[in-house]
Amino acid sequence: MKDILKFFMPEQQLNRLAEDLKRDTDGTVIKKVGTLKDRILNMPGPYETDGKGDHEVVLHYFINGSHWFIIERDSTEEQFQAFGYACLHGNYQFAELGYISIRELIRHNVELDLHWEPQKLSVVKGYMEKMYSDHKRIDKKLYPFIAEMMHNIH
C-alpha cells in the first residue's frame, strides 16, 4: 500500500514530518507516525458507524479556529471525502455532522493534529462548547488538549 499519510496531510506538513523523522533519535516520531497510520488504516469506512450511537472521532484537523473531526474515511485508498463533525470559526452552535472533503482540507493546508487521541463525539462537542463559550476558564486538568489548542490559537 502506498504511504497513506500523503492522502491525509498537506505537503508542507509531510515535509516537516520528514525532517522530524530524520532527527528522531529516540524513536518517538517513528512511533507516532506508526500509530497514526494504524488509526487511518483501521478507521471505519462509509456508513460503518451509522446507527451505532456515540461515534469515535479518529482524526482531527485544525486551522485558524476551525476544526474538522473525522469519524469515517473514504472506501478508496486515495481520499476524496470523509464523514465527520465540522466546527467552523469557533461557531459551535452551527457545527454539524456531514461529509468533509479531505482533498480541500489538504489543498488549504489545514493541519492534521498529530497529537490527537481518539475521543467520543459527545466529548468533542462538549470540549468545543466549553472552549468557545468561555475560553478564559478552560480547566487544564480536565481539558488538556483544549488548553493547548487555545494557547496555540491566541
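Is there any pair with a first residue in segment 1-20 that is touching a residue at least 40 places away in the same chain (Cβ under 8 Å) and within 14 Å of residue 73 (Cα to Cα) and a second that is surrounded by 11 or more Cβ atoms within 10 Å (Cβ to Cβ) and of a type in the set (Lys, Arg) whose Cβ atoms are under 6 Å apart and which are 6 or more apart or on different chains, and what are they? Going by the 6 Å Cβ cut-off, the qualifying pairs are 4/37. Evaluated against (1) surrounded by 15 or more Cβ atoms within 10 Å (Cβ to Cβ); (2) out of contact with any His (no Cβ under 8 Å at 6 or more places or on another chain); (3) among the β-branched types (Val, Ile, Thr), residue 30 falls short on exactly one condition, (1). The condition of being under 15 Å from the mean Cα position of the chain (by Cα), of a type in the set (Asp, Glu) and either within 27 Å of residue 20 (Cβ to Cβ) or modelled with pLDDT of 95 or more (or both) holds for residue 72. Of all residues in segment 121-135, none are at pLDDT 95 or above, surrounded by 13 or more Cβ atoms within 10 Å (Cβ to Cβ) and part of a strand (DSSP E or B). Looking at 85, 92, just one residue is within 16 Å of residue 110 (Cα to Cα) and touching a Phe, Trp or Tyr at 6+ places or on another chain (Cβ under 6 Å), and that residue is 85. Report yes if residue 91 is under 16 Å from residue 125 (Cβ atoms), in contact (Cβ under 8 Å) with a residue 12 or more places away in the chain and of a type in the set (S, T, N, Q), otherwise no. So residue 91 passes the test.
Just one of the numbered conditions (1) surrounded by 12 or more Cβ atoms within 10 Å (Cβ to Cβ); (2) at pLDDT 90 or above; (3) assigned to a loop (DSSP other than H, G, I, E, B); (4) not aliphatic (A, V, I, L, M) is not true of residue 115: (1).
The values are calculated or read from the model by the stated rules, or taken from the named source; none is laboratory data. In this text the structure is predicted, and so the values were computed from the model without any measurement. Positions of Cβ are backbone-derived with ideal geometry, glycine not excepted, and every protein chain shown enters the neighbour counts.
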